[in-house]
Amino acid sequence: MLTINLGPLALAVPHVLMLVSLFIAMLTGWWVGRRSERNPEQQLFRLLLVALLVARLAFVLVYVEHFRDEPWRVIDIRDGGFIAWPGLVVAVLLGSLLAWRDSGLRRPLGAAVLVGVLSWGFGTFALHAFEQGTRLPEMGLRDNQGKPVALQDYVGKPL
């Protein structure tokens, strides 16, 4: 996973991408809603929190056997365990409900959610395309006993 280092602070690029998308969405919502003086910032933060919660719960449900012995690990998000699409679906559905209930907020919130989801989606696809170019080469090496070892066996593991 790629990181951006700011002194002692290391931020994962997917997290930075999510924060940048949130900022772009808030800016879009403010821009669209400036005439009606409606800012969807509060609703966008709610949508983000609900999306993250649902994405984490989806991950926990898929990998429930890993959390069975130590259930308190469910709240330890340092493992990076989120499944994005359930959170995204719930955020879009909840955003649609909020926009439907408040007609003055419909355009700013709809535009903000659309731009936020698109910027996050395009950024994620660009990040995956970049990561495809940084794969381990297909070559065989030998370990300390002289046995052949393929680098591809260590994808996602420390070398």
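We did not get these values from a lab; they are worked out from the coordinates using the rules stated. The shown structure was predicted, so the numbers you read here are calculated from the model rather than taken from an experiment. Glycine also receives a Cβ, built like all others from the backbone with ideal geometry; neighbour counts cover every protein chain displayed.
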Item to check | GluC sites (Glu not before Pro) lying in DSSP loop within the range 28-104, provided at most 14 other Cβ fall within 10 Å | outcome: E37
Next on the checklist: Compute a Gaussian network model of the chain, connecting alpha carbons closer than 10 Å, and tell me which residue from G121, G87, G146 fluctuates the most.
Outcome noted: G146
Next on the checklist: Test of understanding: in a Gaussian network model of the chain with alpha carbons linked when under 10 Å, which of L97, L11, L49 would top the mean-square fluctuation ranking?
Outcome noted: L11
Next on the checklist: If the only charges are +1 at each Lys and Arg Cβ and -1 at each Asp and Glu Cβ, what is the size of the charge dipole of the chain around the Cα centre, to the nearest 20 debye?
Outcome noted: 540 debye
Checklist entry - Can you sort H128, H15 by how many other beta carbons sit within 10 Å, fewest first? => result H128, H15
Checklist entry - In what order do R34, R73, R56, R78 fall by count of nearby beta-carbon atoms within 10 Å, going from fewest to most? => result R78, R34, R73, R56
Checklist entry - What is the calculated FRET efficiency for F23 to E65, with r their C-beta to C-beta distance and R₀ = 41 Å, to the nearest 0.05? => result 0.65
Checklist entry - What distance in nm separates the simple spin-label points at Q42 and L118, each placed 7 Å from Cα in the Cβ direction? => result 2.8 nm
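Roughly speaking, what is the stretch gain from Q145 to W72, that is 0.36 nm per residue apart minus the C-alpha to C-alpha distance, in nm to one decimal?
Extra length available between Q145 and W72 comes to 22.2 nm.
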Checklist entry - Rg to Rh for the chain: what is it, with Cα atoms only and Rh by Kirkwood? => result 1.11
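Rounded to the nearest 0.05, what FRET efficiency do W100 and L127 have when you use their Cβ-Cβ distance and R0 = 41 Å? Each step should come with its number before you reach the end.
Details: r = 33 Å, r/R0 = 0.80.
It comes out at approximately 0.80.
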Next on the checklist: If I model a spin label at V50 and L6 as a point 7 Å from the Cα along the Cα→Cβ vector, what separation in nanometres do I get?
Outcome noted: 2.9 nm
Checklist entry - Where does the chain land at 222 nm, in deg cm²/dmol rounded to the nearest 500, when only DSSP H runs of n ≥ 4 count, each adding -39500 (n - 2.57), divided by all residues? => result -19500 deg cm²/dmol
Next on the checklist: Given points 7 Å out from each Cα along the Cα-Cβ axis, report the Q152 to V13 separation in nanometres with one decimal.
Outcome noted: 2.3 nm
Checklist outcome for this item: For L109, L57, ascending order of other Cβ atoms within 10 Å (fewest first) is L57, L109
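Just need the relative contact order of the range 23-158 here, percent rounded to a whole number, with Cα pairs under 8 Å and 6+ apart.
Values: 130 pairs, mean separation 39.3, N = 136.
Result for the range 23-158 is 29 percent.
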